[in-house]
Amino acid sequence: MKINFKNDKMCTVIGLIVNTILIIIKFVIGVVGRSQAMIADSLHSLSDGIATVSVYFGIIASEKPPDEEHPYGHGNIEVIVALFVSVLLLMTGIFLGYSATYSIIHKHFVVPGKIAIYGAIISIFVKEILYRYTISVGKKFNSPAVIANAYDHRSDAFSSVGSFVAIVGSRFGLEFLDPVGGIIISMFILKMGIDIIRDNIKIVMDAVP
């Protein structure tokens, strides 16, 4: 049987599988390489995985036919899922920002091992490819939930870019770059979460396309 990779459900399943593998890889590398940035990055990927599962079930629910209580169908459930994803992004951004600020205040600086650099590079490339794949499918099906999930993938890629800079900087004697990078990452993630909320509120309010 031929697999349709441009299907919204298949896209979500692929994202979940890839993300689960990345979570394990980044967490192990973070522990072995003594990298707080990489461990935080793996936690961000975990929230990404939770979002992907939510999107998958949201897509299935949205395909239910109209009934007496929902004469216009169940399509708007994808908006609810997209808002849920945005809340996860906001929570992740706040957590990363708080952790980074705490490290700066208490000067908890750790020099990570070289293996953490490779973990960050792998994550950047994989998540960017996953973003481009998911956003194309989301736009094809005009799916708010899939598009929100794509931006969640990209926020994870940004997180890994920050981790890479922080890890390299720490190894060159600039230990403070680790928490500073974390704060910058959290701001990117918070912005994405806010953008998704704004776009989907427009849908609920029947704004002009």
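The values are calculated or read from the model by the stated rules, or taken from the named source; none is laboratory data. Note that the coordinates shown come from a computational prediction; the quantities given were computed from them, not determined experimentally. Backbone-built Cβ (ideal geometry, glycine too); neighbour counts: all protein chains shown. Just the protein is used for accessible areas: all its heavy atoms, side chains included, with ligands, DNA and RNA removed. Shrake-Rupley method; radii C 1.70, N 1.55, O 1.52, S 1.80 Å.
Values computed for the structure shown
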read-out	value
Carbon + sulfur, % of accessible area of region 1-42 - ligands and nucleic acids excluded, 1.4 Å	78 percent
Carbon plus sulfur fraction of accessible area for region 59-190, probe 1.4 Å, in percent	71 percent
Diffusion constant of region 69-164 at 20 °C, which comes from Stokes-Einstein with the Kirkwood Cα-pair radius and 1.002 mPa s, µm²/s	138 µm²/s
Where N is the number of residues in the chain, Cα Rg divided by 2.2 N^0.38 Å	1.09
Extended-chain gain in nm, criterion 0.36 nm per residue less alpha-carbon gap, Leu174 and Ile194	4.0 nm
For the chain, the longest site-free run once trypsin sites (Lys or Arg not before Pro) in DSSP loop states with at most 12 other Cβ atoms within 10 Å are removed	7-106
Candidate lysines - alpha carbon under 22 Å from Lys6, same-chain residues fewer than 8 apart omitted	Lys64, Lys127, Lys139, Lys140
Estimated D of region 106-205 in µm² per second, where Rh is the Kirkwood radius over Cα pairs and Stokes-Einstein applies at 10 °C, 1.306 mPa s	108 µm²/s
Å² per residue, accessible surface of the chain at 1.4 Å	54 Å²
Computed log₁₀ I(q)/I(0) - Debye formula, equal Cα scatterers, no solvent, region 133-191, q 0.16 Å⁻¹	-0.56
Over region 112-160: Rg over Rh, Cα atoms, Kirkwood Rh	1.14
Proportion of all alpha-carbon pairs of region 1-57 beyond 15 Å (%)	52 percent
